[in-house]
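Accompanying notes for the structure given below.
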Amino acid sequence: MFAASSVLVALFLIALVQEGSFIGKAAAEKMYVYTYSHAYLHYKDADGTDHVLDESVFQDSQTSMLDISILYMRSVMYCAESMGVWVFRLSMAAHEISTISQDVFMAYPMSGWAWGGIAQSMDNLLNTIYFVELIYRIQIYIFRFMSVFALPYLLPIGILMRAFPPTRGGGAYVIAFSIAIYLVYPFAYMAAVFSSPYPNLCATPQIPAPSFGENSKSGIAWEFVMWYRAFEGNILDMLGKFSELSSALMTNLCFLPFIAFTIAMTAMQFSNGLFGANIPEIGRGLIKLI
């Protein structure tokens with residue numbers, strides 16, 4: 001009886017994963033095209049080659065929803081890295097200018113203390129980018145591990161555990177967890193980011209970056225002031241855009257993944273009974289074991 005039920009569960013799970021992945025990818029593709037059709041996102045692979053996240057990625061049968069979630073996160077980090085280069089240059093120049101102190105005959109010494117606030121603002125943006133990248137790295141490693149471990153290993157282990165009465169409840173929990181991580185989590189995350197009314201569009205500054213070279217502090221100050229005067233309006237717009245993007249980075253890589261994980265765990269809690277999990281039995285078994 002248990003062997004027959006295990007075979008039926010295995011067949012049901014195979015059909016569920018195949019159909020769920022197909023339907024989820026199709027729905028995510030529609031949401032992505034609707035939101036980003038005017039400006040598809042870009043991401044870089046391990047070799048640093050630039051790629052476009054378009055419909056072909058969703059239509060590839062070898063690409064899972066977890067893989068698409070990883071590619072979207074890469075596109076967000078692509079934006080964060082391009083923004084970080086600009087912020088780092090501005091921070092370097094502002095710090096150099098803020099430390100300038102020059103004596104003036106029959107007057108107070110001239111200093112660049114007024115640039116200290118700008119330098120601190122740039123440092124805050126850099127710290128945000130560093131924090132987001134740390135969270136991104138942690139999530140990517142976890143997702144890559146689950147992408148290759150959830151279905152080939154974790155799901156069969158759960159089915160095998162469910163075939164034996166002593167571990168039937170634990171096997172049901174393992175099955176529910178693997179399905180939730182492989183299907184529910186990436187779909188919940190993509191539904192959140194692709195259906196957002198304020199999509200994460202990365203706009204790179206259309207102005208030349210300041211080049212300071214090996215100048216002295218006074219030389220850097222002069223070059224920076226001339227560059228600022230030449231592109232003052234664009235620079236102010238760029239700084240405002242950077243502030244908005246920093247909030248978008250935190251939302252896309254920190255807040256929305258947490259919400260998606262909560263939804264996945266809720267789905268696991270509701271579906272574990274479908275596969276035969278019984279909390280009182282597991283609790284009594286643990287108490288007896290202890």
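Please go through segment 231-258 and give me each residue that is out of contact with any Pro (no Cβ under 9 Å at 6 or more places or on another chain), farther than 15 Å from residue 72 by Cβ and among the aliphatic types (A, V, I, L, M), ordered by number. Once the filter is applied, which keeps residues that are out of contact with any Pro (no Cβ under 9 Å at 6 or more places or on another chain), farther than 15 Å from residue 72 by Cβ and among the aliphatic types (A, V, I, L, M), segment 231-258 yields 236, 239, 245, 250. For segment 42-50, the condition holds for no residue, the condition being that it is free of Cβ contacts under 8 Å to residues at least 24 places away in the same chain, under 25 Å from residue 180 (Cα atoms) and among the aliphatic types (A, V, I, L, M).
Checked against the criterion of being modelled with pLDDT of 75 or more, among the polar types (S, T, N, Q) and buried (at least 17 other Cβ atoms within 10 Å of the Cβ), segment 35-55 has no qualifying residue. Summed over segment 50-64, residues that are closer than 24 Å to residue 81 by Cα and not in a loop (DSSP other than H, G, I, E, B) total 5. Within this structure, residue 23 passes the test of being at pLDDT 75 or above, aliphatic (A, V, I, L, M) and surrounded by 11 or more Cβ atoms within 10 Å (Cβ to Cβ). Restricting the first member to segment 7-35 and to residues that are of a type in the set (Asp, Glu), and the second to residues that are part of a helix (DSSP H, G or I) and surrounded by fewer than 18 Cβ atoms within 10 Å (Cβ to Cβ), the beta-carbon pairs closer than 9 Å and six or more apart or on different chains are 29/55; 29/59. Looking at segment 225-290, the helices (runs of 4 or more DSSP H) lying wholly inside it that each contain 2 or more residues that are crowded, with 18+ Cβ neighbours inside 10 Å and at pLDDT 70 or above sit at 232-250, 256-271. The requirement of being buried (at least 18 other Cβ atoms within 10 Å of the Cβ), touching an Asp or Glu at 6+ places or on another chain (Cβ under 7 Å) and not acidic (Asp, Glu) is fulfilled nowhere in segment 181-197; no residue meets it. Among the criteria (1) in contact with a helix residue (DSSP H, G or I) (Cβ under 9 Å, 6 or more places away or on another chain); (2) under 19 Å from residue 151 (Cβ atoms), the one residue 22 does not fulfil is (1).
The values are calculated or read from the model by the stated rules, or taken from the named source; none is laboratory data. None of the values given here were measured: they were computed from a predicted structure. Backbone-built Cβ (ideal geometry, glycine too); neighbour counts: all protein chains shown.
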